[in-house]
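Computed from the coordinates by the stated procedures, all read-outs in this text should not be read as laboratory data. It should be emphasised that the depicted structure is a prediction, and the values quoted were computed from it without experimental measurement. Here the Cβ positions follow ideal geometry from the backbone for every residue, glycine too, while neighbour counts run over all protein chains shown.
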Amino acid sequence: MRTILNLIYKDYLVIMRDRGGLAMLFIMPLALVLIMTSLQDNTFRAINESGINLVIRNDDADSLGMAIEREIYLSDFFTVHRFIDNKVPTEKEIRDAVASGRYQFGMIIPEGSTRRIREQVKNNVTLLFAGDSTVTPVSDSVLIRLYVDPATKNSLRSSLQSSIREYTTQVESRIILNELTREMNKHMMLPLANLNRMKQETVFYTEEYVARGDKKVIPNSVQHNVPAWTLFAMFFIVIPFASSMIKEREDGSLSRLLTMPCSYTSVLISKILVYLVVCYLQFLSIMAMGIYLFPLFGLPALIIGGRLADLSVMAVMASMAAIGYGISVGTIARTHQQAAIFASISVVILAAMGGIWVPVFIMPPLFRQISVISPLNWGLNGFYDILVRNASLPEVLHYGIWMMLFSAGCLLTALYYHKLRKEFN
Amino acid sequence: MKQEKSIIDIQDLTKYYRGYAKPALDGVSLCVSEGMIFGLLGPNGAGKTTMIRILCGLLAPTGGKVTIAGYSLKHDLPEIRRIIGVVPQEIALYPSLTARENLAVFGGICGLRGSVLKTRIDELLHIFGLEKKQKMLIDRYSGGMKRRLNLIAGLLHKPQILFLDEPTVGIDVQSKNVIIENLMEINLAGTTIVYTSHYLEEAENLCSYIAILDEGHVIARGTLNEIRNEYGSALKLEDIFLEITGKNLRD
């Protein structure tokens, strides 16, 4: 025990004296979480808060054009522009403006679109009421032209297309019902009320973010991003950790320790304890930043809902996984370069696999299966379950156990490799 | 002479490194008597550092048997670690710690506590002329100061046996002199010293017994006089060394 206390004192001093290393351990993760959350939040807002620029030329001063324009304006997805440089744009100007990336979408509703729909419907209804089944209904299509910036996401384009289709169908069905009423009234003794009155919405839906228990959770980009990037930042401790192990090995101080009444296991236990505190402080500082500083940057505040203790348990277990991984990299890698390159790339891969970059549910099936072997995935699920799904600690403990087993596996690998190195090096 | 009782007994020691067909140590048998300064000499790649690393428990031998102060190297390593001190070839200190902090850590690990540790650190810093720089980070030490502190770190717990792997390499004459003089005093106080060096004149003055290793074999052993008698009494140790190891470069 005295040996470990001495080693802890030494590791504490080594960390405290390395100002650059300390900055890396605390400032960089904070910066990473802040930047990534801000970026993701802006993307989120771009979609939700009229961030997408759409330029429209509506030459149809009638139902269809007005309905489309009004609905797009009210949808909150788009900032609608009717003018370019204070004048109504031509089709070419719209095309060029979208091609240059100034607007994400350009839309042209041709003149007389509603009139053409109305005439077409009228002809078809008249023909149908004439009882001549040999007559083919006239089909004169209306062409709404949509220009799309190639850098715009496909999902946005699809969303806009389906919205236009919905508005068009509404206008079309209103015209059909009007014409049907008019035509039927011609043939009936008693006048029929406008059939459009039948057109009432009868199907509604409600939406609720569901979590365990009675807690109402409204997820936002902060609730999603902070756990993800906190885990990512915590796993990056692998690099300074492995580097400190290699430095100690290269400068001979590890050898000196091992010629004293001090085992390699004691050396590792000391490092685990010291870096565990570092990781936990990292976690606390990121949480504090999320709660208190994010609003100052215009971000929503992180809401942990009194679950700091449960989150802390998961954070400690995630730290153990990261430190265990660092120990195995630091023991097996022969040089700083090997450790730095392998550790950074492997952490990015584990993060990508684990759903830090892209949610697991939208991954291809193979990667969805692979994701369950990433310790970052276990940590992320644990954090999400606590933060946004309101799960209790026992309900998420299995993720923590997986992380502890991963850590133990890494530790045993390191000890075995150290023994092999002593025997065969 | 206190060279009757054997304190290190090495029998048929062999070490193969992975990927090398030739052994680094090939059936070496040696005996180090208690209280002697044992010089382990040889050209580069002869196997000196390998031997020291095995005796300190840092490397496992491929074959052979080693007993240190009656303890088996294979079975009693924790006990051996308590009675040996090691001064490695490299400066095995924490550069971001001060001299006193380094010594407090190493002394604490060796079992020294409180006032005993403090007194011992003060004593050694004074002997080796570092007491005024004890609060300076090792990073800012000169080469000679680092070497002296490297030695102190191996002496803190008054080891029964002290292993020194080229303790004076790359330092000025003054630092070397302080180290050699103090090694002699430490030896007189009862510590057995196993010492490797390329400085043969230094070994000639310091060592009471010498073994010359070459390509993993002991090719000469004995007191300086015994070796001189065998190879020519008028020769200096360096001439004898060149005669028996040859003039070819080894690395």
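Quick check on the exposure proxy: order A:Leu412, B:Leu162, A:Leu13 from fewest to most C-beta atoms within 10 angstrom. Show your work: numbers first, answer last.
Working: A:Leu412 12, B:Leu162 23, A:Leu13 18.
Sorted ascending by nearby Cβ count, the order is A:Leu412, A:Leu13, B:Leu162.
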Calculated log₁₀ intensity ratio I(q)/I(0) where the Debye formula runs over C-alpha points of segment A:51-198, q = 0.15, 0.20 Å⁻¹: -0.81, -1.17
Sorted by Cβ neighbour density within 10 Å, fewest at the top, the residues A:His224, B:His198, B:His75, A:His398: B:His75, A:His398, B:His198, A:His224
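Fewest Cβ neighbours within 10 Å first, please rank B:Tyr17, B:Tyr71, A:Tyr325 accordingly. Kindly include the intermediate steps, with their values, before the conclusion.
On the way: B:Tyr17 14, B:Tyr71 17, A:Tyr325 27.
Lowest to highest Cβ neighbour count: B:Tyr17, B:Tyr71, A:Tyr325.
I'm checking a number: the convex hull volume of the Cα atoms of chain A, normalised per residue, in Å³. What is it? Numbers along the way, then the final one.
Numbers: hull volume 91.9 nm³, N = 425.
Considering the Cα atoms of chain A, their hull volume per residue is 216 Å³.
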Cα long-axis angle, helix A:221-235 against chain A (0 to 90 degrees, to the nearest 10): 30
Inter-centroid distance (Cα atoms) of segment B:1-53 relative to segment A:85-118, Å: 90
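Quick check on the protein assembly as shown: of the DSSP beta bridges with both residues there, what percent are antiparallel, nearest 5%? Provide the component values of the computation, followed by the final result.
On the way: 25 of 51 bridges.
Roughly 50 percent of the DSSP beta bridges within the protein assembly as shown come out antiparallel.
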Anchor B:Lys5: aspartates and glutamates whose Cα lies under 13 Å away (excluding residues fewer than 8 positions away in-chain): B:Glu34
Separation of alpha-carbon centers, segment B:139-184 and segment A:383-425, rounded to whole Å: 43
Net charge of Cβ neighbours under 14 Å - reference A:Glu250; Lys, Arg +1; Asp, Glu -1: +2
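What number, in percent, do you get for the relative contact order of chain A if the mean sequence gap of Cα pairs under 8 Å and at least 6 apart is divided by its residue count?
Details: 525 pairs, mean separation 73.0, N = 425.
Relative contact order for chain A comes out at 17 percent.
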Average Cα contact separation per residue, chain B, under 8 Å, 6 or more apart, as relative contact order %: 26
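Taking K and R as +1 and D and E as -1, what net charge do the other residues with C-beta under 14 Å from the C-beta of A:Met287 add up to?
Numbers: positive: A:Arg307; negative: A:Asp310.
Once all neighbours under 14 Å are counted, the net charge is 0.
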Lysines whose Cα lies under 23 Å from that of A:Lys186, excluding same-chain neighbours fewer than 8 positions away: A:Lys122, A:Lys199
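Taking every pair of alpha-carbon atoms in segment B:6-245, give the share separated by more than 23 Å as a whole percent.
50
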Tilt relative to chain A, helix A:19-48 - C-alpha long axis, 0 to 90 degrees, to 10: 10
Cα long-axis angle, helix A:393-424 against chain A (0 to 90 degrees, to the nearest 10): 40
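Taking only C-alpha pairs under 8 Å that are 6+ residues apart, what is the relative contact order of segment B:149-246 in percent? Write out the running numbers ahead of the final one.
On the way: 81 pairs, mean separation 20.6, N = 98.
Reported relative contact order: 21 percent.
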All-pairs Cα distance distribution in segment B:132-239, expressed in whole percent, bin size 5 Å: 2, 10, 20, 21, 17, 15, 8, 4, 2, 1, 0
Pairs beyond 18 Å (Cα-Cα), from A:Lys247/B:Lys133; B:Lys22/B:Lys65; B:Lys15/B:Lys65; A:Lys10/B:Lys158; B:Lys135/B:Lys176: A:Lys247/B:Lys133; B:Lys22/B:Lys65; A:Lys10/B:Lys158; B:Lys135/B:Lys176
Listed residues A:Asn58, A:Ile72, A:Ala318: farthest to the positive end of the dipole of chain A (Cβ charges): A:Ala318
